[in-house]
Amino acid sequence: MVTVTRRGYVGLPVERTDAIEKVQGKARYVGDVRRPNMWYGAIVRSPVSHGFVEGLERDPHFDWSGVVLVTPDDIPGSNVVESLVRDMPFLAAKEVRYRGEPVALVAAPTREAAHAAAAAVKPRIRRVPALTEPDEVVRVFKAGGELEYLWSQEIRKGDAEQGLREARIVVEREYRTGYAEQLYIEPQGMIAVPQEDGGVLVEGSMQCPYYVQPELCALLNLPPEKVRVRQTVVGGGFGGKEEFPSLLAGYCALLALKSGRAVKIVFDREEDILFTTKRHPSWVRHRTGLTREGRITGWRVDFLLIGGAYATLSPVVLARGIIHAAIGYRCDDVVVQGRVVRTNMPPSGAFRGFGAPQAFWALESHVDELAEACGMRPDEFRLRNIYRGGDTTTTGQRVPEQYGGPAVLRKALELSRFGARYAHCSRGRTMSDRWYGIGLAYFCHGAGFTGDGEARIRARAAVELARGPEGGPAVVIRASSTEMGQGAQTVLRQIVADALAVPIDRVRYPLPDTALVPDSGPTVASRTTMVVGAVLYDAAVAMKKALQRFVSRNFFDGEGCVLEEGTFSSETGRSLDFTRAALDYLRTTGVQQRFEAVFSLPPGTQWDQERFRGDAYPDYSWACYVAEVEVERATLAIGPIKITAVLDIGRVVNPVLAEGQVQGGLVQGIGYALMEKVGVAEGLFEAARMQTYIVPGALDIPEIRVTFVECPYPYSATGAKGLGELPLNGAAPAVGNALKHAVGRRIHDLPVTPEKLFRAIERKGDAP
Amino acid sequence: MNGEPARENAPAEDWIRRTWLVNGREVSLRVPPLRRVLDILREELGLTGAKEGCGEGECGACTVLVDDQPVCACLLVAAQLPNRSRILTIEGLSAMEEGRILEEAYVEAGAVQCGFCIPGMVMASYALLRRNSAPTERQIREALAGNICRCTGYVKIVEAVGRAAERMGRAAAGR
Ligand code: FES
Ligand code: FES
């Protein structure tokens, strides 16, 4: 549908590569894959939240023939998950630290038989005291009681105490968020297939093949060439398939190697919600000093996350959380103190936003409260206090003269007519049937890994020239970035087609397979379009140059030439078609030609990991949401009616896909704001089904208006910045602020529900 | 599924024989009476377009049409479906003109992300358009309220159904 123009494909709404097979039901998700003689696996889990394993008893009445059992003793390699803190076992051998922690595995010919066998293994565990409830953690923390910390990190700029002393007004408030579930609609699943050489092939639903592969090598004590990991079509991830799939892959692989058969585990919804990662619950306290004119003199933030039983990704979630905790507003004297508490719950983990949604719920609610404290409007206060070029962020990163923040804020205020509408907010005072409120949130997301992450990973990606299925030449993208719905496949093809100047249908992007692709880093942190896109652009340019040299030598008698819109043209006007040239090149040089490139950070990037000082991210994407809500006065039912979203994600590679990311992320954010909630009861997540964990449906969503402002990343050819996570970050505070102006009461902990509004109104007379 | 591991273990003599019209083709099977229609479609008949997202009627990923009504195939067991029942899955709809129009509208609107909810969405959309050829936006949202999508925020899905309705209307009017 798209024709080649001089402009190329970047910036055009190219149709998704994978849409047709998905819409026809032909895409093969892991649940759709069956292997010959395949067995099914199941997990034996700890029935207690904390204790010591004294044995595993097998029910003597159960028929154990045709069942394979794997215990920690069967693990050929190391029984520990490789992460920053190597504290989590694949199978708990001595101490169990959460209810449901895996202690053994079984496989059997049918799924029913496997689950029956798992139920017939009884772990004997000596119980010891456990800490499971987030409320209890916060209570103990505030009382100065003893807690175990998985990680702590501080950021310090200037002298916050001094700044607070100089203030005329000091505002101190606490904000909280609870557990939240990614709820990708395709549950976690994996298949392991033993190979003749003693190795294993693992395929399944995952975001990061190169997290899984080294993990399996260590667990199985196998060299990398014997462990092959392949992605199947992924039915949504949102971070939930970042670190967890390594565990599931390990379980399937252990069972496959012991049974000598393919083994599949696909969770049902309940097991998936109960025992996979959740968003970290948070408690954040802001203490902020202001001048009478509404400038910030000093700022102290205490940032507490609940990490669960093991550290896993918590240190990096905390890093992102504290960097975003007081970002966007000018202040020379800031301290942010971050901690992750250990509890006896499944490890909290990655979920779109990765610490930033918690940070912005607190920050953007708080900024509204600051405005109020000095008698300013929320928009005025923000316009006065946002960074100007040359300011520094909390970590001391210099804000460039031109950045997207002011533009998105002004544009969102203008498009939503914030000023005029703000005057009409009900504030719980009008007698009409519905209260109206409007509120805003101004926020950002650091694109790519935090700190020295990108420098350490050195993302690699390649393009290959090969013969396509129909015999013509194909440019094949070799990158480990996964398509999980976000559109990576399409966007990266657009970028490569443009870099080469060939028609996009010449560019293919098969699902990653570690036997075939280099490590481009994980598909996380809003880094794929920006980082891997930049690398692929460079790789494709290298291919283009090689092809141009070849054509000039072999067809144009050494005359220089350029490849444009699928045709090589020489200086004197001779021309040659890409197809012809590429096939000839392949014949001459061999079967496949690979061109690889590596990511480099902007020149002069500095980061001090100890002190958390310096350039925390290569760049930031900025956004402003204005939310309008209605609240029924009689029932306090909440109806978001409209969101005006303005975002700077740098160059927009595909406007339709980008808009889809914003709409989807925003709606997840509305769920976080108003309905998504998982309590804890006896060490288990309470909302373990879709009947009880409610996410937004088609009737729950407001009118959404999305506008992009382009402030490109200056250090790559594409100019794209991060997109994936940003849209979720600001939804909750925008809605929360709007509700405050509708009802006249502020709710400090998510989700905001009619019950909480009711209680807040009942308590009239308290501080607002 | 692991909640009720025993439900399919009916002794072979209790199995029932059923003949259904699946995507227009007659299919005869002998199955345990409590085997879920979703499993029969996916495992026995290889029709994996209907997905399992929750197994309890909440997500709609398993939506198929039985005698023109949208149902959750995960909630239906073999014994509940009499002989001659007509089952339509995404595979069957794809082969029909209406299916083609709907699919094209979904693709063009950018309504597909991870795709896991999409076959169910398309089936629910088709069921709506069968009974209401010119639905309002509100009616589209109501018809899709039982189908959860975690990726798209529904905006483009609703748009796609609107587009498809228009085109089917045009096609029906012979233009
Ligand atoms: S799987 Fe049937 S409704 Fe979710
Ligand atoms: S497209 Fe992913 S759940 Fe709908």
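The values are calculated or read from the model by the stated rules, or taken from the named source; none is laboratory data. Quantities reported herein were computed from a predicted structural model and do not represent experimental measurements. Quick reminder, even Gly has a Cβ in these numbers, built from the backbone with ideal geometry, and neighbours come from all protein chains shown. All accessible areas refer to the heavy atoms of the entire protein, side chains included, with ligands and DNA or RNA removed. Shrake-Rupley method; radii C 1.70, N 1.55, O 1.52, S 1.80 Å.
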Just checking, how many residues over segment A:692-721 are within 14 Å of chain B (Cβ to nearest Cβ) and among the aromatic types (F, W, Y)?
1
Would it be correct to say that B:A172 is at the interface with another protein chain (Cβ under 10 Å from one of its Cβ atoms), of a type in the set (A, V, I, L, M) and surrounded by fewer than 21 Cβ atoms within 10 Å (Cβ to Cβ)?
no
Restricting to segment B:56-78, name every residue that is away from ligand 2 (no atom under 16 Å from the Cβ) and at the interface with another protein chain (Cβ under 9 Å from one of its Cβ atoms).
B:E56, B:G57
When segment A:376-391 is examined, which residues are found to be part of a loop (DSSP other than H, G, I, E, B), open to solvent by 10 Å² or more (accessible area, probe 1.4 Å) and free of Cβ contacts under 8 Å to residues at least 60 places away in the same chain?
A:R377, A:R388, A:G389, A:G390
Go through (1) more than 10 Å from chain B (Cβ to nearest Cβ); (2) crowded, with 16+ Cβ neighbours inside 10 Å; (3) within 21 Å of A:V202 (Cα to Cα) one by one and return the number of the condition A:V48 breaks.
(3)
Could you go through segment A:648-670 and let me know if any residue there is in the same structural domain as A:R434 (by TED's automatic domain parsing) and closer than 26 Å to A:E762 by Cβ.
yes
Are any residues in segment A:564-585 in a strand (DSSP E or B) and either in contact with a Leu (Cβ under 9 Å, 6 or more places away or on another chain) or without any contact (Cβ under 8 Å) to a residue 60 or more places away in the chain (or both), and if so, which ones?
A:T567, A:F568, A:S569, A:S570, A:S575, A:L576, A:D577
In segment B:27-57, what residues are assigned to a strand (DSSP E or B) and open to solvent by less than 50 Å² (accessible area, probe 1.4 Å)?
B:V27, B:L29, B:V31, B:R36
Does B:G162 count as of a type outside the set (F, W, Y) and at pLDDT 95 or above?
yes
I'd like to check which strands (runs of 3 or more DSSP E) are fully inside segment B:58-129 and have at least 1 residues that are open to solvent by less than 10 Å² (accessible area, probe 1.4 Å).
B:63-66, B:86-88
Confirm whether A:E161 is assigned to a helix (DSSP H, G or I), in the same structural domain as A:G41 (by TED's automatic domain parsing) and either out of contact with any Ser or Thr (no Cβ under 9 Å at 6 or more places or on another chain) or not hydroxyl-bearing (S, T, Y) (or both).
no
Hey, could you check segment A:693-735 for residues that are open to solvent by less than 10 Å² (accessible area, probe 1.4 Å) and free of Cβ contacts under 8 Å to residues at least 24 places away in the same chain and say which is nearest to the chain's Cα centre (by Cα)?
A:G697
Of all residues being facing chain A (nearest Cβ under 7 Å) and either touching a Cys at 6+ places or on another chain (Cβ under 6 Å) or open to solvent by less than 10 Å² (accessible area, probe 1.4 Å) (or both) in segment B:130-148, which is farthest from ligand 1 (Cβ to nearest atom)? Just the residue, please.
B:L144
Do we find that A:S83 is open to solvent by 20 Å² or more (accessible area, probe 1.4 Å) and over 32 Å from the mean Cα position of the chain (by Cα) in this structure?
no
Among B:L81, B:L47, the single one that is more than 10 Å from every other protein chain (Cβ to nearest Cβ) and of a type outside the set (D, E, K, R) is B:L81
Picked from segment A:548-563 (must be without any contact (Cβ under 8 Å) to a residue 60 or more places away in the chain and surrounded by 15 or more Cβ atoms within 10 Å (Cβ to Cβ)), the residue nearest to the chain's Cα centre (by Cα) is A:Q548
Out of A:D615, A:D577, I need the residue that is at pLDDT 95 or above and under 30 Å from A:A447 (Cα atoms). Which one?
A:D615
So for segment A:179-193 (the condition being closer than 30 Å to A:R300 by Cα, away from ligand 2 (no atom under 16 Å from the Cβ) and either open to solvent by 20 Å² or more (accessible area, probe 1.4 Å) or in contact (Cβ under 8 Å) with a residue 12 or more places away in the chain (or both)), does at least one residue qualify?
yes
Confirm whether B:T152 is among the polar types (S, T, N, Q), more than 16 Å from ligand 1 (Cβ to nearest atom) and touching a residue at least 12 places away in the same chain (Cβ under 8 Å).
yes
Within segment B:43-69, residues under 15 Å from B:G120 (Cβ atoms) and either in the same structural domain as B:L144 (by TED's automatic domain parsing) or away from ligand 1 (no atom under 11 Å from the Cβ) (or both) come out as B:L47, B:T48, B:G49, B:L65, B:V66, B:Q69
Selection over segment A:509-533 where residues are surrounded by fewer than 24 Cβ atoms within 10 Å (Cβ to Cβ) and not in a loop (DSSP other than H, G, I, E, B) yields a count of 1
Every pair of residues 6+ apart whose Cβ atoms lie under 6 Å, when the first sits in segment A:292-318 and is on the phi > 0 side of the Ramachandran plot and in a helix (DSSP H, G or I) while the second is at pLDDT 95 or above and aliphatic (A, V, I, L, M)
none
